[in-house]
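Structure, as structure tokens:
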Amino acid sequence: MTRSAPQLIHHGLTTCEGCSMEIIARAMMRVLGPRTIVITPPSCSAIITGYGRETGWMVPAWQSNLENVAAYAAGIRTGLEVTGQEEINVVGFAGDGGTVDIGLQALSGAVERGHRFIYICYDNEAYMNTGIQRSGATPKGAWTTTTPEGKREGKKNIIGMLLAQGIPYAATASAGFVDDFERKIAKASKIDGPSYIHALTPCSTGWRFPASQTITMSRLAVETGVWPLFEVKDNIVHITHKVKELKPLVEYLKLQGRFRGLHEDEINAWQEQIKVNYTAFLDKEGKSWLC
Amino acid sequence: MPQLRALEGNLAVAEGARLSRIQVCAAYPITPQTPIVEYISEYVRQGMLNAKYIAVESEHSAISAVIGASLVGARAFTATAGAGLALMHEVTIVAAGNRLPIVMAIANRAMPSPWSLQVDHSDSMGERDQGWVQLYAENAQEALDFTILGYRIGEDDRVRLPIMPCIDGFYVSHTTEVVNVPDQEQVDAFLPPYKPKHVYLDVNDPISVNNLTSPDVYTEIRQEHFRALQNALSVIDDLGTKFGDCFGRYYGVVEGVALDDAETIFVTMGSITGTVRQAIRDMRAKGEHVGLLKVTAFRPFPKAKVRQILASAKRVLVIDRSAGLGSEGPLALEVKGALYGLYPAPIVYGFIGGLGGRDFSLVTIARAYKKAMEMSAKGEINPRAIWIDSKEGEL
């Protein structure tokens, strides 16, 4: 919808080949435009914020600490308000570790206080910038350098936590469905309060798949029901991409080296869980999240 | 018209913040600082202060939020103490490294463990190398004045740094004293509105701030920071004098009392200074040649001034209100460092006391003086700190 919008991120970033965080970042800036202040923690997105004298952003950007993206956002928004600077987007752009683990407290606090800011979690399901360490968002069974036998625990449901707090707008997104993401970011920017978008961003480096398969992986996550696309505005659920017939989970898993250690019974159990969850998920359309 | 009012130290800080027309306050409650931000939130509610108050969920977020506000051009304030300051540690140097003139009042509180609600300087000493200006207030009047002066120093082009006015928990924070409260017009004349100059987030002039650097530039950026702190030494004296011209109370990096013929000089910071003032009056009445050097600016440390003032003394008694675990009291270390290479040099006796709120009384001061005089008579130097008010002896 905004392909003709001017680029607000320079070319020639040093992100990995096939990086889907970069796809999300570029789409985000196409929608939000130049009146935007971006905050990135030390993470893959810090690559855009830059090194030395170089930066990727053509908008003001602040390199934050890892756990306080949302606290900086709260301060920036409040500062803009008291100095009469209006119609500016304040965006936190953090990875899964900086969001669901170390950044959770600041995020929860800022959402509770109701500051107007957009928080985008690009979720590559591990600490990828430090070299593939397990996070609270790493799925069960996935290999990382700190879960050499596969992660024993499941993925933290951060969006559920924020919705339980009563956040006015929250959505999932995918690097494989950019139009869907762009509609959501446009909606988030209109919310007079906090908004949250959690985008699954497959990572060729950490998930162990060929860099040419980023979009395929992103789409498969949605089409297998691993990563359903929806939004919740004022507590009402809207499914933004309904999958009529789910593809087999194994199609998603087999392309990724990180799931190589999963046993067949584990895959079957996961597949069964997806079927149950997806049916329940479809039933949520138009209903209250907290019902 | 300035008013004489009975204020506790915390209220004096809040009044200083109100008169400085702060625009954002983000804070988390912690004893003994809490009343400062309670007063400020009440000023905001009543419309006495045109500001926004952010009731953050931690001190870590408090300092982060005021940095955010400062980055977009707001005059920002916070306050904390003890463990709260330690929680901020990672972020305090972000404020300083980005040269943001935030004022953060510290109601000094001893660090756990064991837990204590009461004063020593172990909390702010933990921040001493984080690149802030630290001003230690002796009383409620200085608590108010250093808040206003803090913004003026911090926003000065030669400095551009955050400022930490430190007030002793309870002895200053909760003690009611007569305070001369300036009127708004006077303060407005002294402290113009804040304008960011080098570091800012502005959609009309986009820059990327605080990003990763290489070994190629990190040293020079640190050195610029160091230089700003060096500049602050003369700026504090300069603006402390201008403050005096406006308000009648003059400040500088140090204050000397009865130094002219002093053979023995006490060196102090914070509220202990008031007790030592009384002690030297009493001792002088008995013919003792004693004086006092109060260190107001611990960071930047006024090495040259301290050296110059202490050079002619025979002995120097430094009182540290923090343990300096594993070494000596930090003030004693600084004083010894300032005297390095001087010959002949006074003998420095470092005393540690008043920890965790223990009263550093006239009796303790007399004991320290006696101890130093005895050691001095025997020609003893004492390389280690003397724990002067310990029930288990002096170590």
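The values are calculated or read from the model by the stated rules, or taken from the named source; none is laboratory data. Owing to the predicted nature of the structure, the values given are computational and were not obtained by experimental measurement. Here the Cβ is made from the backbone with ideal geometry for all residues, glycine too, and neighbour counts use every protein chain on show.
State all residues of the stretch A:120-137 that are in a strand (DSSP E or B) and either surrounded by fewer than 20 Cβ atoms within 10 Å (Cβ to Cβ) or within 14 Å of chain B (Cβ to nearest Cβ) (or both); if no residue qualifies, say none. Break it down into steps so the answer makes sense when it comes.
Of the residues in the stretch A:120-137, the ones in a strand (DSSP E or B) are A:120-123, A:127, A:133.
Within the stretch A:120-137, A:Q133 is the sole residue that qualifies.
Scan the stretch A:131-180 for residues that are touching a Pro at 6+ places or on another chain (Cβ under 8 Å) and among the basic types (K, R) and jot them down.
A:K151, A:K155
Restricting to the stretch A:173-186, name every residue that is in a helix (DSSP H, G or I) and not basic (K, R). Before you say what the answer is, go through the steps one by one.
Let us first name the residues in the stretch A:173-186 that are in a helix (DSSP H, G or I), namely A:178-186.
Of everything in the stretch A:173-186, those that are in a helix (DSSP H, G or I) and not basic (K, R) turn out to be A:V178, A:D179, A:D180, A:F181, A:E182, A:I185, A:A186.
Check the stretch A:78-85 and report whether any residue there is buried (at least 20 other Cβ atoms within 10 Å of the Cβ), in contact (Cβ under 8 Å) with a residue 12 or more places away in the chain and more than 7 Å from chain B (Cβ to nearest Cβ).
Checked against the condition, which is being buried (at least 20 other Cβ atoms within 10 Å of the Cβ), in contact (Cβ under 8 Å) with a residue 12 or more places away in the chain and more than 7 Å from chain B (Cβ to nearest Cβ), the stretch A:78-85 yields no hits at all.
So if I check each of B:A366, B:A372, B:A385, which one is in contact with a Lys or Arg (Cβ under 8 Å, 6 or more places away or on another chain) and of a type outside the set (S, T, N, Q)? Spell out how you get there, then give the answer.
Values: B:A366 fails: in contact with a Lys or Arg (Cβ under 8 Å, 6 or more places away or on another chain); B:A385 fails: in contact with a Lys or Arg (Cβ under 8 Å, 6 or more places away or on another chain).
Testing whether each residue is in contact with a Lys or Arg (Cβ under 8 Å, 6 or more places away or on another chain) and of a type outside the set (S, T, N, Q) leaves just B:A372.
Taking the conditions exactly as written (away from chain A (no Cβ under 14 Å), free of Cβ contacts under 8 Å to residues at least 60 places away in the same chain and touching a Pro at 6+ places or on another chain (Cβ under 9 Å)), does B:A83 satisfy them or not?
Taking the combined requirement at face value, the residue satisfies it.
Let me spell it out: the conditions are (1) within 21 Å of B:T296 (Cβ to Cβ); (2) buried (at least 20 other Cβ atoms within 10 Å of the Cβ), and B:Q308 meets all of them except one. Which number is the exception?
Failing condition for B:Q308: (2).
If only one of A:G18, A:G12, A:G56 is of a type in the set (G, A, S), under 17 Å from the mean Cα position of the chain (by Cα), under 27 Å from A:A126 (Cα atoms) and more than 7 Å from chain B (Cβ to nearest Cβ), which one is it?
Working: A:G12 fails: under 17 Å from the mean Cα position of the chain (by Cα); A:G56 fails: under 17 Å from the mean Cα position of the chain (by Cα).
Checking each option against the conditions leaves just A:G18.
Can you find a residue that is within 7 Å of chain B (Cβ to nearest Cβ), among the hydrophobic types (A, V, I, L, M, F, W, C) and surrounded by fewer than 24 Cβ atoms within 10 Å (Cβ to Cβ) anywhere in the stretch A:104-112?
The answer is no, given that none of the residues of the stretch A:104-112 is within 7 Å of chain B (Cβ to nearest Cβ), among the hydrophobic types (A, V, I, L, M, F, W, C) and surrounded by fewer than 24 Cβ atoms within 10 Å (Cβ to Cβ).
Could you check the stretch A:34-77 and list, in sequence order, the residues that are part of a helix (DSSP H, G or I) and either at pLDDT below 95 or not aliphatic (A, V, I, L, M) (or both)? Step through it out loud before you land on a result.
In the first step, residues of the stretch A:34-77 are kept if they are part of a helix (DSSP H, G or I); the result is A:46-49, A:69-77.
A:T49, A:Y72, A:G75, A:R77, listed by residue number.
Among the residues of the stretch B:351-384, write down those that are touching a residue at least 40 places away in the same chain (Cβ under 8 Å), among the hydrophobic types (A, V, I, L, M, F, W, C) and closer than 15 Å to B:I272 by Cβ.
Listed by number, the residues that qualify are B:L355, B:F360, B:L362, B:I365, B:A366, B:A368.
Look through the stretch A:59-70, keep the residues that are surrounded by fewer than 24 Cβ atoms within 10 Å (Cβ to Cβ) and of a type in the set (A, V, I, L, M), and return whichever of them is nearest to the other protein chains (Cβ to nearest Cβ).
A:V59
Looking at the stretch B:112-121 only, could you name the residues that are crowded, with 24+ Cβ neighbours inside 10 Å and either assigned to a helix (DSSP H, G or I) or among the aliphatic types (A, V, I, L, M) (or both)?
Within the stretch B:112-121, the subset crowded, with 24+ Cβ neighbours inside 10 Å is B:119-121.
B:V119, the sole residue that qualifies.
Which members of the stretch A:30-53 meet the condition of being over 26 Å from A:K190 (Cα atoms) and more than 7 Å from chain B (Cβ to nearest Cβ)?
A:P42, A:S43, A:C44, A:I47, A:R53
Go through the stretch A:86-103 and give me each residue that's in contact with a strand residue (DSSP E or B) (Cβ under 7 Å, 6 or more places away or on another chain) and either of a type in the set (S, T, Y) or more than 7 Å from chain B (Cβ to nearest Cβ) (or both).
At the first step, the residues of the stretch A:86-103 found to be in contact with a strand residue (DSSP E or B) (Cβ under 7 Å, 6 or more places away or on another chain) are A:88-97, A:99, A:103.
Across the stretch A:86-103, the qualifying residues are A:N89, A:V90, A:V91, A:G92, A:F93, A:A94, A:G95, A:D96, A:G97, A:T99, A:G103.
Residues being more than 30 Å from B:P182 (Cα to Cα), surrounded by 13 or more Cβ atoms within 10 Å (Cβ to Cβ) and within 14 Å of chain A (Cβ to nearest Cβ): count how many of those fall in the stretch B:196-248.
13
Scan the stretch A:234-252 and give yes if some residue there is modelled with pLDDT of 95 or more, buried (at least 20 other Cβ atoms within 10 Å of the Cβ), under 30 Å from A:T130 (Cβ atoms) and in contact with a helix residue (DSSP H, G or I) (Cβ under 6 Å, 6 or more places away or on another chain), otherwise no.
So far as the stretch A:234-252 goes, yes, one or more of its residues are modelled with pLDDT of 95 or more, buried (at least 20 other Cβ atoms within 10 Å of the Cβ), under 30 Å from A:T130 (Cβ atoms) and in contact with a helix residue (DSSP H, G or I) (Cβ under 6 Å, 6 or more places away or on another chain).
Within the stretch B:1-71, which helices (runs of 4 or more DSSP H) (wholly inside it) include 2 or more residues that are within 14 Å of chain A (Cβ to nearest Cβ)?
Numbers: elements: B:9-19, B:34-46, B:59-71.
Once the helices (runs of 4 or more DSSP H) in the stretch B:1-71 are filtered for at least 2 residues that are within 14 Å of chain A (Cβ to nearest Cβ), what remains is B:34-46, B:59-71.
Applying the selection to the stretch A:275-291, what residues are part of a helix (DSSP H, G or I) and touching a Phe, Trp or Tyr at 6+ places or on another chain (Cβ under 8 Å)? Working first, answer last.
From the stretch A:275-291, those part of a helix (DSSP H, G or I) are A:275-282; that's our starting set.
Selection gives A:F281 alone.
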